[in-house]
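To start, the structure under review is shown below, and the notes come after it.
Every number in this text was worked out from the coordinates using simple rules, so none of it is lab data. Because the structure is a prediction, the values reported are computed rather than measured. Virtual Cβ from ideal backbone geometry, glycine too; neighbours counted across all protein chains shown.
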Amino acid sequence: MSNYKVLFVLVFLLASVIAQNASTYYPASSALSISNSRTFPAEIEPDTAGATLQVDVINHGNAKYTNVKAVASFPDGFVAVKDTVELLEINPNDQYTLYFRFNVENVDPGIYSVPVTFYFTETNKGINVVSTRYVSMSVESSPRVEIDAIIMTPSISVGDLFTINVTLLNNGGFPAANVMTDLILNAPYINVLTSMPKRTAIIGAGSAAMVVIDGEVTPFADPGAYPAVVSVDYDGQQVNKSFVLQVASRAELDVSDVVTSIEPGKQADVGFIVTNRGQATFSDVKVSLLTNISLSIADNSLYLGNLRPGESRQVTFSVRADRALASGIYPMTIIIDAAEKSQREAAALVVDGIPDLRGAGVTTDVEQVISGKPFSVSIQLENIGTGSARSVRATLLEEKVIGIRESFMGTIDADDTDTAIFDLTTTKLGDNEFSVLVGYEDNNGNAYSKTVKAAVYVHAANNNLGVIAFLALAVAISYYIYRRKRKMDESKKKVR
């Protein structure tokens with residue numbers, strides 16, 4: 001191949017590479033718009049603290065915008081925590097996600113308009129632009145009912161009538177209507193006299209209501225501990241609370257007012273009252289517990305001394321259930337030993353675990369995260385609590401990234417892990433810290449939320465500068481060789 005052809009090929013390759021890496025010029029047009037907006041939590045209520053407004057911004061035009069500043073103007077009743085977001089630039093067809101944070105005071109339910117004003121420089125024209133767009137936020141007041149307390153008639157025995165008082169508390173910002181309370185009790189010869197489920201017409205926001213359930217322990221019932229559940233349905237939701245209906249034997253040494261609700265792995269107290277219902281004094285009375293579960297008892301032989309007729313003593317054991325113990329109701333026997341006699345009373349332990357999710361690690365599907373190229377980030381969540389975390393959902397709260405921001409994991413059992421996966425793209429170089437909002441529920445329907453932090457390092461994209469430099473050097477050398485050969489040829493002609 002002649003030198004002319006080699007030079008032509010090199011120049012053509014150099015021009016091609018430069019063309020691929022240069023920005024194409026388009027006539028400037030202001031087309032910065034909001035493509036989507038949402039809030040976290042999705043349902044904002046009055047008096048909500050730490051809420052987030054997500055705004056997705058896209059540049060539909062052909063101009064590059066630099067020194068971009070977005071300011072959200074929250075209406076009265078909303079207190080801005082972070083109302084300004086700044087970006088270095090937004091290129092044509094680029095999309096960014098902005099996050100504004102705020103608190104909600106005592107505002108009325110409704111739809112509120114939030115102006116978002118953009119200040120930026122349009123590079124093609126070199127002019128400063130101010131543009132305002134509007135997003136809407138819905139403030140909804142929804143009920144949030146909890147079972148605050150279950151109080152029973154003390155010292156229920158065979159043949160007694162009893163009452164169960166259930167306190168319902170509405171911690172939401174909206175009244176709860178048509179609240180249905182049910183009692184689940186499978187106990188032979190123990191009758192619930194109140195028609196169930198029992199309807200409460202309305203529970204006002206921030207208010208409590210009492211549900212009274214009457215029952216009867218017939219003479220045919222056996223003394224013992226009977227597992228029971230109070231179940232409350234409202235507004236498509238359900239909350240439950242387990243307890244034990246203790247039926248005393250009315251024996252000479254009687255047990256009543258048993259409190260046995262514990263959490264796996266945590267220190268707790270198991271308490272009850274021992275009463276001498278006989279006509280004579282019992283001497284050297286000792287009390288101990290017997291159960292077939294893994295239960296550590298600090299001192300399993302409490303000495304009460306002498307009990308005179310009609311005298312009662314409060315007994316309290318310090319216990320710790322095994323961390324791996326599943327939530328549920330477990331049988332337990334209370335043993336009372338006296339010099340005159342020994343007696344056993346049936347009881348039960350209510351074990352309720354509480355979930356607690358924490359971030360346990362971050363990985364990516366690529367060795368290096370490159371600016372502008374898609375990647376997947378996996379955030380491992382570990383349940384270090386004592387109960388199962390149900391309906392686990394993770395939502396990415398991060399600016400300057402686009403992609404799939406939500407990951408649903410279902411249930412994460414205690415001491416187990418699962419992974420939230422997000423498919424993303426970002427152009428922010430260096431360390432990128434991600435905030436992930438994790439929401440979940442416990443076995444009783446109580447809701448929890450937690451923010452988990454993670455970070456990845458983003459490298460600059462390879463822009464072929466090395467290739468350009470090599471081709472430029474090759475062109476220069478070829479041109480030098482060409483010029484030198486031409487001079488030599490001209491010199492030879494002159495000599496002839």
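Once the Cα atoms are used to define both axes, helix 3-21 deviates from the longest principal axis of the chain by about 30 degrees.
Kindly flag which residue pairs out of LYS373/LYS453; LYS69/LYS373; LYS64/LYS428; LYS64/LYS453 have an alpha-carbon separation exceeding 20 Å in this structure.
Among LYS373/LYS453; LYS69/LYS373; LYS64/LYS428; LYS64/LYS453, the Cα-Cα distance tops 20 Å for LYS373/LYS453; LYS69/LYS373; LYS64/LYS453.
For Rg/Rh (Cα atoms, Kirkwood Rh), several values are listed as (1) 0.99; (2) 1.25; (3) 0.95; flag the one computed from this structure. Step by step, Rg/Rh (Cα atoms, Kirkwood Rh) for this structure corresponds to label (2).
Charging the Cβ of each Asp and Glu at -1 and of each Lys and Arg at +1, and nothing else, the dipole of segment 142-247 about its Cα centre rounds to 200 debye.
In a simple Cβ point-charge model (Lys, Arg +1; Asp, Glu -1; nothing else charged), segment 84-141 has a dipole of about 140 debye relative to its Cα centre. Here the chain is scanned for chymotrypsin sites (Phe, Trp or Tyr not before Pro) in DSSP loops (not H, G, I, E, B) that have at most 15 other Cβ atoms within 10 Å, and the longest stretch holding none of them is 221-496. Of all DSSP beta bridges confined to the chain, the antiparallel ones make up roughly 95%.
Bridging of LYS82 to aspartates and glutamates at a Cα separation below 20 Å is possible for GLU43, GLU45, ASP47, ASP56, GLU105, GLU398, GLU399, GLU433, once same-chain residues fewer than 8 apart are set aside. For the pair THR121 and THR419, label points projected 7 Å from Cα toward Cβ lie 4.4 nm apart.
Our estimate of slack between SER294 and ASN91, defined as 0.36 nm per intervening residue step minus the Cα-Cα distance, is 66.8 nm. With both labels modelled 7 Å from their Cα along Cα-to-Cβ, the VAL71 to ALA339 distance reads 8.7 nm. Loop-located GluC sites (Glu not before Pro) in segment 340-447 (DSSP state other than H, G, I, E, B) with a sparse environment of at most 12 neighbouring Cβ atoms within 10 Å: GLU367. Listing LYS64, LYS286 from fewest to most neighbouring C-beta atoms within 10 Å gives LYS286, LYS64. Against the chain, whose longest principal axis comes from its Cα atoms, helix 465-495 is set at around 10 degrees. Taken about its Cα centre, the chain carries a charge dipole of about 4300 debye when Lys and Arg each add +1 at the Cβ and Asp and Glu each add -1 at the Cβ.
When the charge dipole of the chain is built from unit charges on Cβ atoms (+1 for Lys and Arg, -1 for Asp and Glu) and taken about the Cα centre, the candidate among ALA326, SER142, ILE127 whose Cα reaches farthest toward its positive end is ILE127.
Between the DSSP loop rule and a limit of at most 10 other Cβ atoms within 10 Å, which trypsin sites (Lys or Arg not before Pro) in segment 227-270 are left?
none
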